[in-house]
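Heads up, the thing below is written out as structure tokens.
Read-outs: derived from the displayed coordinates by stated rules, not from any lab. Everything quoted here is computed from the prediction, not taken from an experiment. Ideal geometry is used to build each Cβ from the backbone, glycine not excepted, and the neighbour counts take in all protein chains shown.
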Amino acid sequence: MLNTLGLSHWLADTPGEPCGAGFSVARITAVDRGRYLIRGEAEEVPAELTGRFLHLAESSVELPCVGDWVCVHYRDAGTQASIHQLLPRRSFLRRKTAGRDVEYQMMAANIDVAFIVQSCHFDFNVPRLLRYLVMTREDHIDSVVLLTKTDLVTPQALEQLVAQLLAMGVTSPIVCLSNVTGAGVERVRELIVPGKTYCLLGSSGVGKTTLINRLLGDGAYETRAVSATGEGRHTTTRRQLMVMEHGGLLIDMPGMRELGMLGTQEGIAETFADIGAMAQRCRYPDCRHEHEPGCAVRAAIDRGGLSDEHLQNYMKLQKEAEFNDLSYIDRRKKDRAFGRFVHSYKKHKNGDGV
Ligand SMILES: Nc1nc2c(ncn2[C@@H]2O[C@H](COP(=O)(O)OP(=O)(O)OP(=O)(O)O)[C@@H](O)[C@H]2O)c(=O)[nH]1
Ligand SMILES: [Mg+2]
Ligand SMILES: [Zn+2]
């Protein structure tokens with residue numbers, strides 16, 4: 001059971017018993033406003049953090065998120081559990097929270113591959129796609145681009161979209177699919193390896209949940225009434241991990257409105273490696289590739305060896321990352337959202353900390 005959840009894969013570098021005597025290892029399968037679901041040897045059960053866990057956590061980053069491995073203690077004949085310890089993360093996805101203060105929010109942990117989902121209809125947006133690629137690369141997570149709703153565009157239009165991505169230097173595999181006709185869905189299934197964990201990232205309404213339903217088989221996950229016109233939408237509100245029949249692990253995520261670029265300099269450098277390589281030949285080491293003499297990047301654009309749009313994307317992300325890093329340092333001392341969370345959680349628990 002635990003290996004079905006990807007444990008052997010996660011333990012590859014850390015042999016031995018991860019939790020102490022009397023504790024069991026389990027995986028967080030869902031998080032919904034401070035309430036957890038976990039899965040260990042048995043069925044999925046609700047779980048809560050111990051008072052001690054909350055007391056020791058110094059920021060929201062140290063709280064469990066979907067995909068985390070934790071040490072738990074079962075109660076009430078195994079129908080409830082308390083979470084005592086968070087096991088080290090092999091990878092995680094985080095983002096800057098929306099709002100004035102720059103804070104982290106953990107999205108998911110122990111991810112092997114991120115499916116970055118965009119619809120080839122209204123949602124298609126290259127700069128946004130690049131942000132997702134930068135974010136996942138920064139966290140050393142492999143990425144696959146999924147273009148959904150191919151039934152709504154002509155094959156020629158689709159070809160153009162893919163050409164745009166390739167021209168922008170996207171090197172991740174790209175799969176085009178339609179949840180309506182089923183075209184391309186089997187290619188996605190073939191990419192999924194048993195025991196590995198995949199998450200689906202992308203804007204609301206691009207078809208993430210619909211695809212998961214297709215991959216899991218009819219009615220396995222969320223049943224919802226969708227009319228012939230596609231009305232009757234069901235917006236995902238919580239992150240949730242599901243097990244495919246052949247053993248692949250899928251995490252559904254709510255659509256994201258704002259994607260923070262916290263601490264992503266390294267990811268940007270890798271995504272725009274072509275620009276980095278050219279910049280080595282600029283006359284001045286601090287060249288901003290604007291109007292400086294001897295700028296190798298500008299020269300490449302003039303020669304037609306680099307697209308101006310690609311450079312603009314790079315500069316925009318670079319500026320954003322610098323800004324966010326600065327404001328984060330200013331504000332990290334007061335993790336106010338976390339304080340509010342602990343407060344409401346303790347109230348919710350009525351002080352019955354374990
Ligand atoms: N035409 C067409 N419609 C699709 C396709 N995939 C999904 N849809 C429709 O698009 C709408 C949104 O799909 P969802 O799967 O709920 O989208 P989501 O990405 O999970 O959205 P959030 O949960 O809000 O993040 C639904 O009405 C689906 O029926 C597709 O390939 N083609
Ligand atoms: Mg959804
Ligand atoms: Zn330059």
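From the C-alpha gyration tensor of the range 7-90, pull out the three semi-axes of the equivalent ellipsoid (sqrt of 5λ each), sorted largest to smallest, in whole Å. Intermediate results must be reported in sequence, preceding the final value.
Details: eigenvalues 63, 52, 32 Å².
Here the semi-axes work out to 18, 16, 13 Å.
For the range 38-133, what is the Kirkwood hydrodynamic radius in Å, using each pair of distinct C-alpha atoms?
15.9 Å
In the range 104-140, which chymotrypsin sites (Phe, Trp or Tyr not before Pro) fall in coil by DSSP and have 14 or fewer other Cβ atoms within 10 Å?
Phe122
With labels modelled as points extended 7 Å from the Cα through the Cβ direction, what inter-label distance (nm, one decimal) is found for Arg288 paired with Glu58?
Taking the two extended label points, one gets 3.5 nm.
Applying the Karplus parametrisation 6.51 cos²θ - 1.76 cosθ + 1.60 with θ = phi - 60° to the phi angles of the range 18-23, what ³J(HN,Hα) value in whole Hz is obtained for each residue in order, glycine and proline being reported as x?
So the J values, rounded to whole Hz, are x, 10, x, 4, x, 10.
Considering only the other residues whose Cβ falls under 13 Å of the Cβ of Ser24, what net charge follows from Lys and Arg at +1 and Asp and Glu at -1?
+1
Hey, fewest Cβ within 10 Å first, where do Asp142, Asp252, Asp68, Asp32 land in order?
Placing the least packed residue first, the sequence is Asp32, Asp142, Asp252, Asp68.
Report, by chain and number, residues whose modeled amide H sits under 5 Å from the one on Leu146, excluding near sequence neighbours (fewer than 5 apart, same chain).
Those qualifying (amide H under 5 Å, at least 5 residues apart or on another chain) are Ile116, Val117, Gln118, Val175.
Are there trypsin sites (Lys or Arg not before Pro) in the range 42-139 that DSSP marks as loop and that have at most 16 other Cβ atoms within 10 Å, and which are they?
Sites meeting the loop and neighbour criteria: Arg100.
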